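A short write-up of the structure that comes next.
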Amino acid sequence: MSLLGGPSLDFHLKLQESSFRVPYEAIRRNFRTIQKLDERELKKIEEIKKSLKKSKTKEEKDKVKKQLLISLRSFEKKLKARKATEDELISRINCRISKLKELDELQKSANLIKSSTEEVGEITKDKVLNWYRDQTNLLIIGYLLKTNLSIDEEQNLGLKLLKSLKVERLIDYDIILISNRISNSILRGNLTELVAWMNENKSYLGKIKSDLEFQTRLQEYIELIRDQDMKRAVSTFNNHLKSFSKTKFDEIQIASGLLIFNPLSIKEMLNKHKKKDGFKNNLVSKTFKKYSDLFSNERYEYLSKLFLQIYYKMNGIPDNDPLLVYLSLGISSLKTKACQCSSSREILPFETVLNAKLNKEDIPSPQSISKCPVCSMEVNQLSYELPYSHNERSYLFDNPVMLPNGNIFDKTKLLSFAKLKHPDVFNENKLLDPITSEVFDINQLVIMFPT
Amino acid sequence: MSHNQFDVLVEEVNKLNELNYIQTLTDTRALIESLEDDQENDDDLDQLLTNLSQSITKDLKQNNTKLNKFNKNFLLKIDLDLNDYYRYPIPSKNLKLVQNIINFHLLRIGDLNKFDNKLGNQLYEMKSLKDSIDYNHDLNPIINWYYNNDYKDKDEERDLLFEFKLHRLNYLKLMNQNKIKQGLNYSRIWFPLIIKKNQDYLFEISKLMGQFIISNNEENNVSNLDLDFKELSILFVKKFCQRINIEYESFLFLIIFAGICSFPTFNKFLQLKNSNSFQWSSLKELPFETPLPLFLKQYHPIFICPVSKEEINDENPGMSLPCHHIISKSSLLKLSKNGLTNFKCVYCSTSCSLSDCKIVKFYFI
């Protein structure tokens, strides 16, 4: 256990696995490209060697050499670019290591200073907390990058925060932005970018046997039917869908049915059956619903989700966002039986909560005294569904004293409370209950022995 | 403290850093230059081509090995599936709440979203005042703020300690800059005001003035104020937040920090229980204690009944016995057989009856 109870350095590595996994996967992919590039060049070298031997005249040889020079120049240029990509990715890993080293140094110096004065301790403690504040901001950036699907990339809140905090090397934002772009285009009903990406990553998709290719081709086919471009629809069906007939028979069957029913006629039929609304027609309308579902916009959402799942997995990005995982764990480990959580399901807009917070009355109440994150106005709805923490021992205060109303406080703080709030009214012998505002005599205090 | 995994990481990354594809690039360049010169004989050319082939193969093999080792020796060893820890998922209907919490945090950290409202403006002011300490070591804006702020009157008892630290540092800064006369003038204006409020500061202040007289060695004093400025910067932010009645720390930060701190305990538990066999996701209370730094345990008092070991709550409150020991209501009912009999306190054997006991509640101030 380190200062302030944070995890060890090695445990932090575990927590940040993905921040090393993501650049690693990118370096690996880059390596595979280099591998292809190299293999092509090796083949070419062999060919050139052969044709050099074969060629008799100087002209012939010069021609081969010229060819070689062109090929080498292009090879050099490509390899240099790939190497630059790799260097950049490695430098990201190095930055992440330096960030962790910072924590290591802080913890070391904190342990040295522990025995020293209180004031220096405060500052070191704040420095360690600052490191965790930075981590929190990184988690927020990661979350915002993924969830802020604004069409204009520059408007992405996560990207803005990333730039203003200058942490470009600590987050693989470029990799997330690519998936946002593709996901956005899918949601707008445009499959071009998705298909291009699938072509680039054919071998990976084949390896994991995903449903993505079939679903994308099916969607392409549906789009063509929607546009009533029957000729291309049939050719797409033959070229891309037919091969799935063994594994996806049901869906293929419905898809082929679309050649007869166009979207409009399906809608009409469905409406007709709805009006009749008889039990007998249930089967019929169910069948028609299968067809009409294919034209629904939800398919874009489904496809985008499917794509993101695969993209994240391929890149080593966790599918549950770490920010949400920490929120869930953090609230549970902080939540006590005394926390006031709201069961309301209505989610108020930010401005409303902010105004409520700004105008909260300045009267002492248990909530305003405790400043507990779990029962705070902005968190208490989220806390409602999460479990309580478990405690094996009591966490109280020194010198507990009880007032006649049964409320128990820290004696020193209770004595100074009244004087702090109403210095003119309260003399040495009077007390104010901070919760109920009742006034008591100092000799009514009872010393308690809770443990 | 040894960091096995961390050391492995550093070692493996150093290997990754080493001269990647350098041999291939060098040999390619050599070949290009030789072709450009057009001076080589056929054997030379053949040799250069062979060299390049060998370098390409060697570089590829080397890099492949390095990457495999990085994965095997480091990545696979720190493998941790976050999904295993997401037993209480945040329902998607609540993601808007998460966005609200993030917005509050963004407001707290300053310049990004300048929300046009009172709090936004106040926090903006706080940030610029803090900047004046952090970057310019200039305390005058803060002194101005301290005495002229709208919220001054609310702050009934002036924070004398804060005031003293502020003037002490400003005085030391002048002395450090060798502005002795100004410094002494400054001390004559402010320090008597503080002593007048609380004579306890007389000792501190005379110590401070004495230091100046005794140590005339300037170098000794100079450069030691960095820590003081940092401390004051923290104190100032705390003071500012207290005055505008908002929390010093962002709640989101505190929650995330608590999540990070408790993570190793969840990890240990998962390894013990072999995760799937034990469904802690169905429980209303975590099945184990997650140790947190003490300052995260200061929001609500927690009382564990010494008899039943249960945490008291509204349904099962703490009860004070006549001897001023405390047990939970359910334990009290059990011991007194629903109030039918007297019983002895588990601590001191005082004889108690249900009617002598009363409900208590703990509060932090």
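Among residues of the stretch A:43-64 that are closer than 12 Å to B:D42 by Cα and assigned by TED's automatic domain parsing to the domain that holds A:F75, those with a Cβ under 6 angstrom from a residue that is assigned to a helix (DSSP H, G or I) and of a type in the set (K, R), sequence gap 6+ or separate chain, pair up as A:S55/A:K61. Residues that are farther than 22 Å from B:E285 by Cβ number at least 3 in the following strands (runs of 3 or more DSSP E) confined to the stretch B:301-365: B:358-362. Just the residues that are modelled with pLDDT under 90 and of a type in the set (K, R), please, taken from the stretch A:50-62. Hits for the stretch A:50-62 are A:K53, A:K54, A:K56, A:K58, A:K61. Apart from one condition, A:K146 fits all of (1) of a type in the set (K, R); (2) at positive phi; (3) under 16 Å from the mean Cα position of the chain (by Cα); the exception is (2).
Checking the structure you have, find out if any residue of the stretch B:78-85 is among the β-branched types (V, I, T) and facing chain A (nearest Cβ under 8 Å). Walk me through how you get there before you give the answer.
Filtering the stretch B:78-85 for residues among the β-branched types (V, I, T) gives B:78.
Checking which are facing chain A (nearest Cβ under 8 Å) leaves us with B:78.
Within the stretch B:78-85 (the criterion being among the β-branched types (V, I, T) and facing chain A (nearest Cβ under 8 Å)), the answer is yes, since at least one residue qualifies.
In the stretch A:16-23, the condition of being surrounded by fewer than 20 Cβ atoms within 10 Å (Cβ to Cβ), farther than 30 Å from B:P291 by Cβ and of a type in the set (V, I, T) is met by no residue.
If I filter the stretch A:237-244 for residues that are within 24 Å of A:W197 (Cα to Cα), surrounded by fewer than 17 Cβ atoms within 10 Å (Cβ to Cβ) and touching a residue at least 12 places away in the same chain (Cβ under 8 Å), do I get at least one hit? There is at least one residue in the stretch A:237-244 that is within 24 Å of A:W197 (Cα to Cα), surrounded by fewer than 17 Cβ atoms within 10 Å (Cβ to Cβ) and touching a residue at least 12 places away in the same chain (Cβ under 8 Å).
Restricting B:I365, B:I312 to residues that are free of Cβ contacts under 8 Å to residues at least 24 places away in the same chain and under 15 Å from A:R393 (Cβ atoms) narrows the list to B:I312. Which members of the stretch A:147-173 meet the condition of being among the hydroxyl-bearing types (S, T, Y) and more than 14 Å from chain B (Cβ to nearest Cβ)? Across the stretch A:147-173, the qualifying residue is only A:Y173. Going through (1) at positive phi; (2) modelled with pLDDT under 85 one by one, A:L420 falls short only on (1). A:H12 meets all of the listed conditions (1) crowded, with 20+ Cβ neighbours inside 10 Å; (2) more than 10 Å from chain B (Cβ to nearest Cβ) but one, namely (2).
Against the definition (outside any loop (DSSP other than H, G, I, E, B) and closer than 27 Å to B:R87 by Cα), how does B:L296 come out, yes or no?
Values: outside any loop (DSSP other than H, G, I, E, B): yes; closer than 27 Å to B:R87 by Cα: yes.
Criteria met by B:L296.
In the stretch A:379-397, the residues that are assigned to a helix (DSSP H, G or I) reach residues that are among the charged types (D, E, K, R) and crowded, with 21+ Cβ neighbours inside 10 Å with C-beta atoms within less than 7 angstrom, at least six apart or across chains, in these pairs: A:S383/A:K335. Note on the stretch B:306-365: among residues that are of a type in the set (K, R) and in contact with a strand residue (DSSP E or B) (Cβ under 7 Å, 6 or more places away or on another chain), the one that is surrounded by the fewest Cβ atoms within 10 Å (Cβ to Cβ) is B:K344. Under the condition of being surrounded by 11 or more Cβ atoms within 10 Å (Cβ to Cβ) and modelled with pLDDT of 85 or more, the residues counted in the stretch B:194-203 number 4.
In the set (1) free of Cβ contacts under 8 Å to residues at least 60 places away in the same chain; (2) in contact with a Lys or Arg (Cβ under 7 Å, 6 or more places away or on another chain), the condition left unmet by A:D38 is number (2). Residue by residue through the stretch A:316-342, note down the ones that are buried (at least 23 other Cβ atoms within 10 Å of the Cβ), touching a residue at least 24 places away in the same chain (Cβ under 8 Å) and of a type in the set (V, I, T). Scanning the stretch A:316-342 gives a single hit, A:I331.
Residues that are at pLDDT 90 or above and in the same structural domain as B:N20 (by TED's automatic domain parsing): which helices (runs of 4 or more DSSP H) entirely in the stretch B:31-141 hold 1 or more of them? Even if it seems obvious, please write down each step before you answer.
Numbers: elements: B:42-69, B:95-109, B:118-136.
Ranges flagged: B:42-69.
Of the residues making up the stretch B:161-189, just one is crowded, with 19+ Cβ neighbours inside 10 Å, farther than 18 Å from B:N136 by Cβ and of a type in the set (F, W, Y), namely B:F164.
Would a scan of the stretch B:256-273 turn up a residue that is facing another protein chain (nearest Cβ under 9 Å), without any contact (Cβ under 8 Å) to a residue 12 or more places away in the chain, over 30 Å from A:G406 (Cα atoms) and β-branched (V, I, T)? Yes.
The values are calculated or read from the model by the stated rules, or taken from the named source; none is laboratory data. Because the structure is predicted, anything quoted here is derived from the model rather than measured. Positions of Cβ are backbone-derived with ideal geometry, glycine not excepted, and every protein chain shown enters the neighbour counts.
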